[in-house]
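Notes follow once the structure below has been shown.
The values are calculated or read from the model by the stated rules, or taken from the named source; none is laboratory data. This one's a predicted model, so the numbers in the text were calculated from it and none came from an experiment. Cβ coordinates were reconstructed from backbone atoms using ideal geometry, including for glycine residues, and neighbour counts include every protein chain displayed.
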Amino acid sequence: MARFNSFITEWGARELTRAAAEGAKLSIGLAKVGDGRADDPTDVSDIVNEVDVECKVAESGYTPPDGENEGFLRVTVDILNGGLDAPVAVREIGLYSGANLFAYAWLDGEDTDNVLPAPATLNSSDAVHQYDVCLLVTSDENAAIDIEYAITVADNALIASISERIGFPFENDAMPTIFGVIKSVTDAVDEIGAEIGEGEGQSVFERLSAIESEMRRGTVKRIQRGAVKVVGNMPTTVSILPIDPQKCSVTVSGTYGYFSSGSGGITMTYGAIVKEVGETAIVIDGSSNPISEFWYPAGPFSWEIIEYY
């Protein structure tokens, strides 16, 4: 079984000490994987040879010191094989705070079960490897660590791009977190709204949403269609995608069915009506004026729901 060792980098230890002393938070969320081997694993500032696989921080947990053992933080990293066209040996894992390597884990020994296979079908994912990166930290240091889950390389690139575009202030050479970016964007838009008189009593995002709704009003948002059989005038329920009944038109069309009377027989056709419209279902009924209990099964009737903005 593959065994990994791990440690907190010099940069990570310095920033963690600072954050703990100031009562601040150091965000960790980006994980990277490589197949390289460092000459000195305790003296690295980045992954040796990164491989292009999807990986993410899945969970974490802290075990406090018990008098005999030091406290440690366990960070679980999920590595998926989607997109691989050949097996990849996972020999190094990096945990990042923004663009900076906070912690590094490396394979201690030869390749065994650390080899991630390529998927059986191209452009699919059918295997997940989980690795625990264990780090010795005190209770105060653990309180200063903020784990952001499921942040991928692509996510981090998006955050960095938005940050650069809006001029997000960088602190301590660390990239901003997603929460910081969202707040920065919101603050910037609200400042613009205040300048043009649109921010008072209502956030600019809410105002823009209201403007969009007004502009789209009366235009088609989504159409749902289907067919259903209706027995006599027995109500038939049809499940639908969620809608706002107040912004929809619902129609049913088609005629079918007959009943017989006496030796000569009488053939008649009948239709169906929409009896009830709910958020997730509609009820279709047979003719509201049944002539006989001998109505035969009818259908299919076509139904259509047009939802408007």
| query | Given the conditions (1) over 28 Å from the mean Cα position of the chain (by Cα); (2) more than 20 Å from residue 117 (Cβ to Cβ), which single one is not true for residue 29? | reply | (1)
| field | Test result for residue 159, in a helix (DSSP H, G or I) and either modelled with pLDDT under 70 or among the aliphatic types (A, V, I, L, M) (or both) | value | yes
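Residues are listed down the side, and each one gets a yes or a no for (1) part of a loop (DSSP other than H, G, I, E, B); (2) not charged (D, E, K, R):
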position: 5; (1), (2): no, yes
position: 20; (1), (2): no, yes
position: 29; (1), (2): no, yes
position: 48; (1), (2): yes, yes
position: 52; (1), (2): yes, no
| query | If you take the residues of the stretch 109-133 that are modelled with pLDDT of 90 or more and among the β-branched types (Val, Ile, Thr), which of them is nearest to residue 29 (Cα to Cα)? | reply | 133
| Among the candidates 40, 85, 78, residue that is loosely packed, with under 15 Cβ neighbours inside 10 Å and within 28 Å of the chain's Cα centre (by Cα) | 85
| request: Could you pull out the residue among 205, 168 that is outside any helix (DSSP H, G or I) and at pLDDT below 70? | output: 168
| said: For the stretch 77-97, check the following and say yes or no: at least one residue is under 24 Å from residue 20 (Cβ atoms) and modelled with pLDDT under 90. | reply: no
| Does residue 49 count as more than 32 Å from the chain's Cα centre (by Cα) and assigned by TED's automatic domain parsing to the domain that holds residue 103? | no
| Between a first residue in the stretch 104-119 that is under 12 Å from residue 33 (Cβ atoms) and in the same structural domain as residue 80 (by TED's automatic domain parsing) and a second residue that is in a strand (DSSP E or B) and small (Gly, Ala, Ser), which pairs have beta carbons less than 7 Å apart while being 6 or more apart in sequence or on different chains? | 104/6; 104/94; 105/6; 114/89
| note | Note on residue 247: of the conditions (1) charged (D, E, K, R); (2) assigned by TED's automatic domain parsing to the domain that holds residue 22; (3) modelled with pLDDT of 80 or more, unmet is (2)
